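A short reminder: the numbers here are calculations on the coordinates, not readings from a lab. Quantities reported herein were computed from a predicted structural model and do not represent experimental measurements. For neighbour counting, all protein chains shown are included, and Cβ atoms are generated from backbone atoms with ideal geometry for every residue, glycine included.
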Amino acid sequence: MENKATELNTGIRRTIEQLAQETDAARQSELFRDYLKTAAALWNYSWHNQMLIWRQKPDASFVGGFHTWVKCGRYVRKGEKGIAILAPMFFKDKRQMADGVEAETQRIWFKVVYVFDRLSRDLRLSLCALDRSRLCHSKESPR
């Protein structure tokens, strides 16, 4: 019995050491660091959209839709390629049930929309760049 406990304890220690080594390797990985920078900069986007942005433009630091940049007084350069992400679309669906009662259900679909990194727009100075409390930077702005 004591031999089994020692064997389990040794196995646990080996597993913990292996996890610690892999964690150290992940911390030193440049790829992982780049992902963490992107995730920190794009904290208000879903994990899936963060991954989409990171895969398409690893150095993206601040993204917004076309209309968000226009609200800020900035304009996306003509011909600039957008970063594709998925935006949720909510629909109410009315259906006739088998018993003749009309039921309403809410459905969700995802649509491809494009956002642009701050480096993708014209470099015209705006008040928005100086005042982070403006509407274009608030959470309620459309993305």
Report task. Give the order of Lys94, Lys81, Lys71 when sorted by the count of other beta carbons within 10 angstrom, beginning with the fewest. Result -> Lys94, Lys81, Lys71
Query raised in the report: Which shape class applies to the range 20-112: rounded if a/c is under 1.5, otherwise prolate when a/b exceeds b/c and oblate if not, where a ≥ b ≥ c are the square roots of the Cα gyration tensor eigenvalues?
Result: oblate
